[in-house]
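Everything below concerns the one structure shown next.
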Amino acid sequence: MPEPLLTASGLAYTVAGRDLVQDVSLAVPPGALQVIVGPNGAGKSTLLRLLCGELRPSRGGVAYGPEPVETIPPWRLAGMRAVLPQAARLAFPFSVADVARIGLDGIGRGLKARDRAAMLERALGQVDVAHLADRSYQTLSGGEQARVQFARVLCQLAAGRTIADRQVLFLDEPTASLDLRHQGALLDAAAELARAGVGVVAILHDLNLAAAYADTLLVLDQGRLVADGPPAEVLRDTLIAQVFQVSWPVGQVPPNGQPFVLPRRNVADPQHS
Amino acid sequence: MADTAARARRGALALGLLLALVLAVALLSVGMGAIRIPPGRVLDVLVRGAADPLLARDALVVLNIRLPRTLLGLLVGAGLAVSGALMQGLFRNPLADPALVGVSAGAGLAAACVIVLGDRLVAHLGLPGPLPYAVLPAGAFLGGLSATLVLYGLATRAGRTSVATMLLAGIALGALSGALTGLLVYASDDRQLRDLTFWSLGSLGGATWTKVAATTPLILPVLLAVPVLGRGLNALVLGEAEAFHLGVRVERLKRACILLVAVAVGAGVAAAGVIGFVGLVVPHALRLVIGPEHRLLLPAAALLGGAFLVLADVAARIVAAPAELPIGIVTAMVGAPVFLWLLLGRARLADA
């Protein structure tokens, strides 16, 4: 096992007496795509915000390599990790290229204009928005906006690679507003980054996507990490019933045993529920 | 992308044109007024100074009256427009303007206090009156700054400033100062009422080199900070968390913007009274034409803001000559229709 890029130990986050995250320890190794799943309110987004240094944990700590995250200055941290947020709205009519370029502006300041232009072009092409480059971001559909944000994150990683050789990418429900083709394309891009040595941590709601892409599945329930491991080991009928509180059967796709969860209509009689 | 170089060229072109506009407007402003001085003679005076006896009269007008007035206009206009752009970027709201940080309300209240209560206080204490004139601008500046600091304190919890709280608290604080100012207006006599009215509409009329010298060090910081703040504000357009992810020290950026704006607008109000509309309209008009990217928008706002205010001042001087209109009336009467025209022409861009 290679030395992890990021380690979290005993993480807890408490707000107004409620424990949103409790005693979570995990490591993000280079070259792996880890997927966090869990029901609404399980603390997935809070955990992500703790890991990326946005929130300070109430207990425990996060370290990038040997450095505690709170000791790393923001500009250097921005070269070491990038975050794709859930849908973002802009107050001003920035063009698509402008939005993506923001990812290059800080960290890529020292780069030649030509290199920056190449990074921008590559990122826009990679998420299939090159043809929208001059459009106003505000006029795009939700899915197109999400892809532009991903292009911005790819720009940040590309620029960051020139100052940091160990990088982590966080994705917060990256596929929420995408059609099937772009869901696949985005997660393919994430998997490709992982193959290139980036540690990828994604929150996904779709367990089938999670099963298809995750090297490791982390299951969060009520702020606690209740299971982690390869999808085939983690996704079991009992876990689905306990954590997600549905009795949907887990099956396996024949060639490589990739697990899937099949939704089942629950027509409970109101008098018995 | 091929458009990166073209973009940089377009930006440089826009700034070049605006700079030319500033110079032309400044020349016009120095030449126009009760005594008309053609641009050629203005240049003569500026180059050869008062040494030439043939130019002596014009030199007196240009160097002692019109030049400080023009410079003050450029400075205050630039400060107001940049402050507006900064506030809109910081609050992520195209409707924000410098008044939001409480400067105008605080300055207005302090000025009303000085105008209405000052002389009475002096008489009551048995000091030799009347109150020196400098007390009014100094009071307005301190009033604006303290209002901002109070507002900033209210909106900051555990080192984090909530811009939403600041917006709402600013409205509450503005209403409170408005009420107190109204109370003072109610208690004022006719002369004080007239002073208050003129002050609240603004004027560059009292410009002197002393005023320019006192105002420059307070407005210059916000203009000098422009190249540093652009990138952070661009990132902030995505949201505060996203700006942090991109390596921006968000709390420091907010603090810097709020204080720079409070000081610059406070100084502007102290020097020229309350001049509305510049901080709101200039950045907007520019966004419609050159786009919202802050690294271009901020310097462009400085140039256009200065040119706009000086032009408004020229109009204020000649429309009702030999009397002068308050400049706030001109900025609103000229600015509002132009702004509406721009807005309707590009209605789709205005949809946020």
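The values are calculated or read from the model by the stated rules, or taken from the named source; none is laboratory data. Worth saying up front: this structure is predicted, and the values here are computed from it rather than measured. We place every Cβ from the backbone using ideal geometry, glycine too, and count neighbours over all the protein chains shown. What goes into the accessible areas is simple: the full protein's heavy atoms, side chains included, and nothing from ligands, DNA or RNA. Shrake-Rupley method; radii C 1.70, N 1.55, O 1.52, S 1.80 Å.
Summary of computed values
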{"read-out": "Single unsatisfied condition, A:Thr162 versus (1) open to solvent by 50 Å² or more (accessible area, probe 1.4 Å); (2) more than 14 Å from chain B (Cβ to nearest Cβ); (3) of a type in the set (Val, Ile, Thr)", "value": "(2)"}
{"read-out": "Only one of B:Val261, B:Val289 that is surrounded by fewer than 23 Cβ atoms within 10 Å (Cβ to Cβ) and either over 15 Å from the mean Cα position of the chain (by Cα) or in contact (Cβ under 8 Å) with a residue 60 or more places away in the chain (or both)", "value": "B:Val289"}
{"read-out": "Single residue of the range A:134-147 satisfying the filter (surrounded by fewer than 20 Cβ atoms within 10 Å (Cβ to Cβ) and at the interface with chain B (Cβ under 9 Å from one of its Cβ atoms)) that is nearest to B:Pro94 (Cα to Cα)", "value": "A:Gln138"}
{"read-out": "Hey, A:Leu169 farther than 15 Å from A:Val83 by Cβ, of a type outside the set (Val, Ile, Thr) and touching a Lys or Arg at 6+ places or on another chain (Cβ under 8 Å) or not", "value": "no"}
{"read-out": "Residues of the range A:64-82 satisfying the condition of being within 7 Å of chain B (Cβ to nearest Cβ) and over 17 Å from B:Asn234 (Cβ atoms)", "value": "A:Leu77"}
{"read-out": "Of the criteria (1) at pLDDT 90 or above; (2) surrounded by 15 or more Cβ atoms within 10 Å (Cβ to Cβ), which one B:Ser200 fails", "value": "(1)"}
{"read-out": "Qualifying residue in the range A:174-184 (condition: of a type in the set (Lys, Arg), open to solvent by 10 Å² or more (accessible area, probe 1.4 Å), more than 28 Å from A:Glu67 (Cβ to Cβ) and within 13 Å of chain B (Cβ to nearest Cβ))", "value": "no"}
{"read-out": "Test: residue in the range A:46-64 that is within 19 Å of A:Gln156 (Cα to Cα), among the hydroxyl-bearing types (Ser, Thr, Tyr), part of a strand (DSSP E or B) and more than 16 Å from the chain's Cα centre (by Cα)", "value": "yes"}
{"read-out": "Strands (runs of 3 or more DSSP E) (entirely within the range A:195-235) containing at least 2 residues that are β-branched (Val, Ile, Thr) and open to solvent by less than 50 Å² (accessible area, probe 1.4 Å)", "value": "A:199-203, A:216-221"}
{"read-out": "Residue satisfying all of: in the range B:192-243; outside any helix (DSSP H, G or I) and within 14 Å of chain A (Cβ to nearest Cβ); nearest to B:Ala301 (Cα to Cα) among these", "value": "B:Val237"}
{"read-out": "Those residues of the range A:45-63 which are open to solvent by less than 10 Å² (accessible area, probe 1.4 Å) and within 14 Å of another protein chain (Cβ to nearest Cβ), in sequence order", "value": "A:Leu48, A:Leu50, A:Leu51, A:Cys52, A:Gly53"}
{"read-out": "Residue within the range B:272-280 that is away from chain A (no Cβ under 14 Å), closer than 25 Å to B:Arg10 by Cα, surrounded by fewer than 18 Cβ atoms within 10 Å (Cβ to Cβ) and among the hydrophobic types (A, V, I, L, M, F, W, C) present", "value": "no"}
{"read-out": "Residue ID - nearest to the other protein chains (Cβ to nearest Cβ), chosen from residues in the range A:99-117 that are over 16 Å from B:Val248 (Cβ atoms) and within 25 Å of the chain's Cα centre (by Cα)", "value": "A:Arg116"}
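For every residue, the table says whether it meets (1) open to solvent by 70 Å² or more (accessible area, probe 1.4 Å); (2) not in a strand (DSSP E or B).
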position	(1), (2)
A:Pro4	no, yes
A:Ala8	no, no
A:Ala12	no, no
A:Leu20	no, no
A:Asp23	yes, no
A:Ala27	no, no
A:Pro30	no, yes
A:Gln34	no, no
A:Gly41	yes, yes
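Quick grid of which residues meet (1) closer than 30 Å to B:Gln88 by Cβ; (2) free of Cβ contacts under 8 Å to residues at least 40 places away in the same chain; (3) hydroxyl-bearing (Ser, Thr, Tyr):
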site: A:Gly31; (1), (2), (3): no, no, no
site: A:Ile36; (1), (2), (3): no, no, no
site: A:Gly43; (1), (2), (3): no, no, no
site: A:Arg59; (1), (2), (3): no, no, no
site: A:Ala91; (1), (2), (3): yes, yes, no
site: A:Ser95; (1), (2), (3): yes, no, yes
site: A:Arg101; (1), (2), (3): yes, no, no
site: A:Asp105; (1), (2), (3): yes, yes, no
site: A:Lys112; (1), (2), (3): no, yes, no
